[in-house]
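A short write-up of the structure that comes next.
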């Protein structure tokens, strides 16, 4: 257990909350427990987080920042693999991030659209991004839930089996 002594209380609380979330799950996460783990009084966190929902929102936003950094470091199929790796490394945070509509989720989608726009052969970058996001999000969720394999190479093989909007095929209404 790391305890807070001085410095950035907000950061210490977020770190404590991250640890609780991944070790014990969402149900165990409270402001009081984050304060205890950070080594501060149970009232100290309320200067930064007025309620549990604000702490959860910050954890989700930080998760999207981390995910965005992972995606930005890769291109093409590797973006999809990075997405699934992120989910597998932080399953509780991943589930929290997508539990409610958040601005950061839309920023992640915009990053995917931008990546598809760079490929001039893709007829509809928005549709391709939606398809890619649906695939990798669903794949991550299924692997997290034990419905699909997490064997080495499996995720890359699944992502590689799909081609996104490479032909200008009109959509059916």
- Sort out for me the helices (runs of 4 or more DSSP H) sitting completely within segment 33-146 that have 3 or more residues that are free of Cβ contacts under 8 Å to residues at least 60 places away in the same chain and touching a helix residue (DSSP H, G or I) at 6+ places or on another chain (Cβ under 9 Å). 52-72, 77-89, 103-117, 125-144
- Query: Mind checking which residues of segment 58-68 are surrounded by fewer than 19 Cβ atoms within 10 Å (Cβ to Cβ) and farther than 15 Å from residue 16 by Cα?
  - Reply: 61, 65, 66, 68
- Working only within segment 34-57, note down all residues that are surrounded by fewer than 18 Cβ atoms within 10 Å (Cβ to Cβ) and under 26 Å from residue 87 (Cβ atoms). 52, 53, 54, 57
- Can residue 80 be described as at pLDDT below 95 and surrounded by fewer than 16 Cβ atoms within 10 Å (Cβ to Cβ)? no
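The values are calculated or read from the model by the stated rules, or taken from the named source; none is laboratory data. Given the structure is predicted, the values throughout are model-derived calculations rather than measurements. Every residue, glycine as well, gets a Cβ built from its backbone with ideal geometry; the counts of neighbours run over all protein chains shown.
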